[in-house]
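To start, the structure itself, in structure tokens.
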Amino acid sequence: MPTFTCPSCGGQELQISHRYVLAIHYNRVVPCACGRTSHGLAAVRSSRKLVTCQEWGNFDAERHWVQEGGRICQEEDQEDQVTIFCSSCLEGVEEEDWESVDQETVVDPESHAFSLCCALCHREVEPSVFPPE
């Protein structure tokens with residue numbers, strides 16, 4: 001098995017880092033209490049949140065990635081679109097009055113980025129490592 005020795009610090013363990021973006025789509029509704037709408041909804045809020053995640057870990061003896069290093073996720077952006085069907089039922093509605101009806105989380109396939117570095121000093125070993133086809 002080939003060995004690695006970092007030219008900067010002499011470390012001999014490799015660490016891999018994986019960065020990707022999650023797109024979370026969810027819908028929330030406010031029911032229509034007055035009965036003016038045929039579908040029973042006063043409003044629908046469709047939201048899309050982008051979350052950037054990074055996870056890392058070392059290689060085991062067989063050079064398989066062990067994702068025990070950790071994971072950090074940071075919310076980047078959120079877009080909301082509100083469709084109002086009954087404005088009188090929407091008056092005075094607080095944030096906690098919106099009911100969640102569905103949610104979908106999708107990993108952006110174009111966002112995957114892998115990097116390989118020394119586990120001791122975090123010096124990048126190769127410019128980029130791509131997942132196998």
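The values are calculated or read from the model by the stated rules, or taken from the named source; none is laboratory data. Keep in mind that what you see is a predicted model, and the values were worked out from it rather than measured. For neighbour counting, all protein chains shown are included, and Cβ atoms are generated from backbone atoms with ideal geometry for every residue, glycine included.
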Does the range 86-105 contain any residue that is polar (S, T, N, Q) and closer than 16 Å to Ser17 by Cβ? no
The range 50-66 residues that are touching a residue at least 60 places away in the same chain (Cβ under 8 Å) and farther than 13 Å from His112 by Cα, paired with ones that are aliphatic (A, V, I, L, M) and part of a strand (DSSP E or B) (beta carbon under 8 Å, 6 or more apart): Asn58/Leu14; Asn58/Ile16; Asn58/Val66
Among the candidates Ser17, Ser100, residue that is closer than 21 Å to Phe114 by Cβ, under 30 Å from the mean Cα position of the chain (by Cα) and of a type in the set (Gly, Ala, Ser): Ser17
Filter the range 74-89 for residues that are under 31 Å from the mean Cα position of the chain (by Cα) and touching a residue at least 40 places away in the same chain (Cβ under 8 Å); which is farthest from Ala33 (Cα to Cα)? Glu76
For the range 18-48, the count of residues that are outside any loop (DSSP other than H, G, I, E, B) and touching a Leu at 6+ places or on another chain (Cβ under 9 Å) equals 9
Wholly enclosed strands (runs of 3 or more DSSP E) of the range 68-133 bearing at least 2 residues at pLDDT 90 or above: 99-107
Pairs needed: first member in the range 3-29, in contact (Cβ under 8 Å) with a residue 24 or more places away in the chain and aromatic (Phe, Trp, Tyr); second member anywhere, assigned to a strand (DSSP E or B) and surrounded by 14 or more Cβ atoms within 10 Å (Cβ to Cβ); C-beta distance under 6 Å; at least 6 residues apart or different chains. Phe4/Leu14; Tyr20/Cys53; Tyr26/Ser47
Quickly run through the range 13-36 and pick out the residues that are more than 17 Å from Trp98 (Cα to Cα) and of a type in the set (Ser, Thr, Tyr). Ser17, Tyr20
